[in-house]
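Here the structure is laid out as C-alpha cells; the discussion comes afterwards.
The values are calculated or read from the model by the stated rules, or taken from the named source; none is laboratory data. Nothing here was measured: the structure is a model prediction, and the numbers come from that model. Neighbour counts are summed over all protein chains in view; Cβ atoms, including those assigned to glycine, are modelled from backbone coordinates with ideal geometry.
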Amino acid sequence: MAGSSAWDPDQYQRFQRERSQPFYDLAALVEREPGMRVVDLGCGTGTLTNWLHEELGARETVGVDASPSMLDQAMPLASQSAPDRASAEGASADGRGTLRFERGDIAQFEPDEPFDLVFSNAALQWVEGHEPLLARLARAVAPGGQLAVQVPANDDHVSHRSARALAAGPAYRELLGGYERVFPVLTPVRYAELLHELGFARQQVRMQVYAHVLPETRAVIEWVKGSLLTPFRERLPAAAYERFLAEYERELLAAEGDRAPYLYAFKRILLWARRE
Ligand SMILES: C[S@@+](CC[C@H](N)C(=O)[O-])C[C@H]1O[C@@H](n2cnc3c(N)ncnc32)[C@H](O)[C@@H]1O
C-alpha cells in the first residue's frame, strides 16, 4: 500500500479549495438516481465523501482508505446509526442514508456486492497496473451503475520530474531502499478504449488543466508535501528528508524562477462511464 502510514491530513488539507474542485467536477458527471449505493475509494479525510453522500442523497456510502491517520478524521463523520438499523429503503434513523468508513486497500478491492457508483478522486494514481485495476473496478459496478474516477496526470511537470530524478540519484536511491515512484496513469485515449473494452455503454473521458494560482513558487513544495512526497517522507530518515526538501527547492526555483504569484498548471484526467 503506497504510503499508507505517512499521509498527513493537515498537510493535505492546506490546499483544500484547490484540491476539492476536481472532486466537485467529477461528481458533476454522475447521473443522479434515487437510493444509490456508493463507494468512495481512497476517501481520505472523508469530508468530500460526506458531501457526495449528501449531494446524491445516497442510500449507503462507504468510504475506503488505507491510511489510519486519514480515517481518524473521517470516522466522526460516519452515520451514528448502524447500517443494520437502516430501513428497507436505506434511510438511517436520521433519514440521511448510511455513511460509513473502513480501512482497505484499493489494490485488493473486490466487494461481495456491486455498487451503483464506484467513485475515486485523486487516489488511483497510488495503485499500479491500471488496466487490471479498471477491470476489477468495472466488476464492482452493478448493472446500470456508474464509474467515476479522477487521477492527476502531472507526471511530466517539473514539480514531479525533479522529485523523481532526485530520488533516483545517488544521494537517496539507497536510503529509499530501491523504492521508485511508478506513475501508473494511462493516457485519456487508453482509458476511453479500456472503458469500451470493459463493456460500458456510455462514457466521458477528459483531460483538464487546473490553473492553481499559488502565492509563490515555493508553495508548490507545500503542495507536493501533502501528496507526491508522502512515500519519500515515509521511507527517508528525518535528516535525509530535510536535505531532500532543500535540494528539491533549489531545483524547483532554478527551473521555474522565484515567482509570486506562481501558476501551478496541473493536468488531471476525469473519467466517467455507465453500464446499460
Ligand atoms: C490525495 S488523497 C485523496 C483523498 C480524497 N479522495 C480527496 O479527494 O480529498 C489520496 C488518498 O488515497 C489513499 N490511498 C493511497 N493508496 C491507497 C490504497 N492502495 N488503498 C486505499 N487508499 C489509498 C491515501 O491514504 C489518501 O487518503
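Filtering the stretch 22-47 to residues that are touching a residue at least 60 places away in the same chain (Cβ under 8 Å), more than 18 Å from Ala140 (Cβ to Cβ) and near the ligand (Cβ under 10 Å from one of its atoms) leaves Pro22, Phe23, Gly44. Taking the stretch 48-67 as the range and being of a type in the set (S, T, N, Q) and more than 7 Å from the ligand (Cβ to nearest atom) as the test, the residues that pass are Thr49, Asn50, Thr61. Listed by position, the helices (runs of 4 or more DSSP H) inside the stretch 195-276 whose residues that are within 16 Å of the ligand (Cβ to nearest atom) and over 18 Å from Val185 (Cβ atoms) number at least 1 are 219-225, 230-235. Only residues that are closer than 29 Å to Phe119 by Cα, touching a helix residue (DSSP H, G or I) at 6+ places or on another chain (Cβ under 8 Å) and surrounded by fewer than 17 Cβ atoms within 10 Å (Cβ to Cβ) were counted across the stretch 222-274, and they come to 1. Quick one: in the stretch 105-136, which of the residues that are closer than 19 Å to Ala153 by Cα and outside any helix (DSSP H, G or I) is farthest from the ligand (Cβ to nearest atom)? Across the stretch 105-136, the extreme among qualifying residues is Gly129. Of the set (1) under 19 Å from Asp10 (Cβ atoms); (2) among the aromatic types (Phe, Trp, Tyr); (3) surrounded by fewer than 18 Cβ atoms within 10 Å (Cβ to Cβ), all apply to Tyr210 but (1).
Residue-by-condition table, conditions (1) charged (D, E, K, R); (2) at pLDDT 95 or above; (3) closer than 30 Å to Leu252 by Cβ:
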| position | (1), (2), (3) |
| --- | --- |
| Pro114 | no, yes, no |
| Leu137 | no, yes, no |
| Val141 | no, yes, no |
| Gly145 | no, yes, no |
| Val158 | no, yes, yes |
| Ala168 | no, no, yes |
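Out of curiosity, is Gly177 surrounded by 12 or more Cβ atoms within 10 Å (Cβ to Cβ) and modelled with pLDDT under 95? When the stated conditions are applied, Gly177 does not pass them.
Residue count for the stretch 143-166, restricted to those that are more than 17 Å from the chain's Cα centre (by Cα), more than 18 Å from Val64 (Cα to Cα) and outside any helix (DSSP H, G or I): 5. In the stretch 183-204 there is no residue matching the filter, namely being surrounded by fewer than 20 Cβ atoms within 10 Å (Cβ to Cβ), modelled with pLDDT of 95 or more, under 18 Å from the mean Cα position of the chain (by Cα) and among the charged types (D, E, K, R). Scanning the stretch 1-55 for residues being part of a loop (DSSP other than H, G, I, E, B), surrounded by fewer than 16 Cβ atoms within 10 Å (Cβ to Cβ) and at pLDDT 95 or above gives a total of 5.
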